[in-house]
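> The structure is given below, and queries will be raised subsequently.
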């Protein structure tokens with residue numbers, strides 16, 4: 001069984017687009033639209049689509065649950081310096097939700113706001129889920145959405161786009177007719193080989209984002225991108241996956 005974690009950073013006004021892609025991706029994998037579990041202790045902030053009950057209204061009440069017990073208590077209590085899950089026992093309930101959802105061919109995505117999973121309390125929640133699954137003898141994988149296998153894609157682009165990415169642009173813009181299902185399944189740590197009339201460039205990427213009124217792939221920063229080899233990027237991508245984006249699983253003997 002797979003449970004996904006996710007951070008909605010960057011999706012604050014585009015949540016409906018994200019849900020559309022997620023539903024397409026899960027359908028292509030043979031699953032019904034997933035259940036979203038909000039694990040924030042507070043549903044506040046600047047992201048309009050995630051304030052209070054806004055996201056619940058987007059996905060419908062049947063596909064949404066708020067589990068504030070799995071929130072980071074340090075957000076509400078200044079005396080706590082480290083990540084502290086308000087009620088760690090709620091991980092058992094979240095696992096139960098995932099098990100029940102699978103009976104209806106749906107999977108679970110638990111989420112908060114943070115961009116980087118390793119420095120977010122959702123990473124701790126994932127560890128609690130794995131611990132509970134192991135206690136029950138359940139094989140479980142926790143992975144940052146969309147999970148799946150690392151891929152190697154080849155894309156045609158322009159000289160100008162490659163030059164901008166070499167200079168630090170953080171996204172690779174996709175054409176208006178981009179295949180959302182194809183790029184929505186792009187696992188974190190995938191290698192995308194960009195080629196134009198004059199240049200070639202390898203980048204590390206992940207699932208699509210909606211940026212500046214269009215779809216794009218995130219570009220993971222790497223040292224000296226102009227001369228990075230495939231082997232070097234694979235090594236960097238592997239380290240990147242170990243830093244919270246890759247799968248973690250129970251080991252059931």
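> Exactly one condition in (1) surrounded by 17 or more Cβ atoms within 10 Å (Cβ to Cβ); (2) closer than 15 Å to residue 14 by Cβ; (3) touching a helix residue (DSSP H, G or I) at 6+ places or on another chain (Cβ under 7 Å) is not met by residue 70; state its number.
Exception for residue 70: condition (2).
> Looking for something buried (at least 22 other Cβ atoms within 10 Å of the Cβ), more than 16 Å from the chain's Cα centre (by Cα) and assigned by TED's automatic domain parsing to the domain that holds residue 217 - is there at least one such residue anywhere in the range 144-163?
yes
> Further question: Would you point out the residue of the range 86-127, among those that are touching a helix residue (DSSP H, G or I) at 6+ places or on another chain (Cβ under 6 Å) and farther than 25 Å from residue 22 by Cβ, that is surrounded by the fewest Cβ atoms within 10 Å (Cβ to Cβ)? Walk me through it before giving the result.
First, pick out the residues of the range 86-127 that are touching a helix residue (DSSP H, G or I) at 6+ places or on another chain (Cβ under 6 Å): 86-88, 90-92, 95, 108, 112, 117-118, 123, 125.
Adding the requirement that they be farther than 25 Å from residue 22 by Cβ leaves 86-88, 92.
Numbers: 86: 20, 87: 13, 88: 16, 92: 16.
Out of the qualifying residues, it is 87.
> Out of (1) surrounded by 16 or more Cβ atoms within 10 Å (Cβ to Cβ); (2) more than 17 Å from the chain's Cα centre (by Cα); (3) within 29 Å of residue 205 (Cβ to Cβ), what's the single condition that is false for residue 133?
(3)
> Now, a different point. So, in the range 165-192, exactly how many residues are surrounded by fewer than 15 Cβ atoms within 10 Å (Cβ to Cβ) and over 17 Å from residue 25 (Cα atoms)?
Qualifying residue count for the region: 7.
> I would also like to ask the following. Residue 35: buried (at least 16 other Cβ atoms within 10 Å of the Cβ), in contact (Cβ under 8 Å) with a residue 12 or more places away in the chain and either within 20 Å of the chain's Cα centre (by Cα) or within 14 Å of residue 126 (Cα to Cα) (or both), yes or no?
Yes; evaluated as a whole, the condition is true for this residue.
> Follow-up question, since we're still on this one. Evaluate the range 155-167: report whether one residue or more is closer than 19 Å to residue 229 by Cα, assigned to a loop (DSSP other than H, G, I, E, B) and without any contact (Cβ under 8 Å) to a residue 12 or more places away in the chain.
Yes; the residues of the range 155-167 include at least one that is closer than 19 Å to residue 229 by Cα, assigned to a loop (DSSP other than H, G, I, E, B) and without any contact (Cβ under 8 Å) to a residue 12 or more places away in the chain.
> Residue 94 - would you say it is assigned to a helix (DSSP H, G or I) and either within 22 Å of the chain's Cα centre (by Cα) or not assigned by TED's automatic domain parsing to the domain that holds residue 6 (or both)?
yes
The values are calculated or read from the model by the stated rules, or taken from the named source; none is laboratory data. What you are looking at is a predicted structure, and each value in this text was computed from that prediction instead of being measured. Cβ coordinates were reconstructed from backbone atoms using ideal geometry, including for glycine residues, and neighbour counts include every protein chain displayed.
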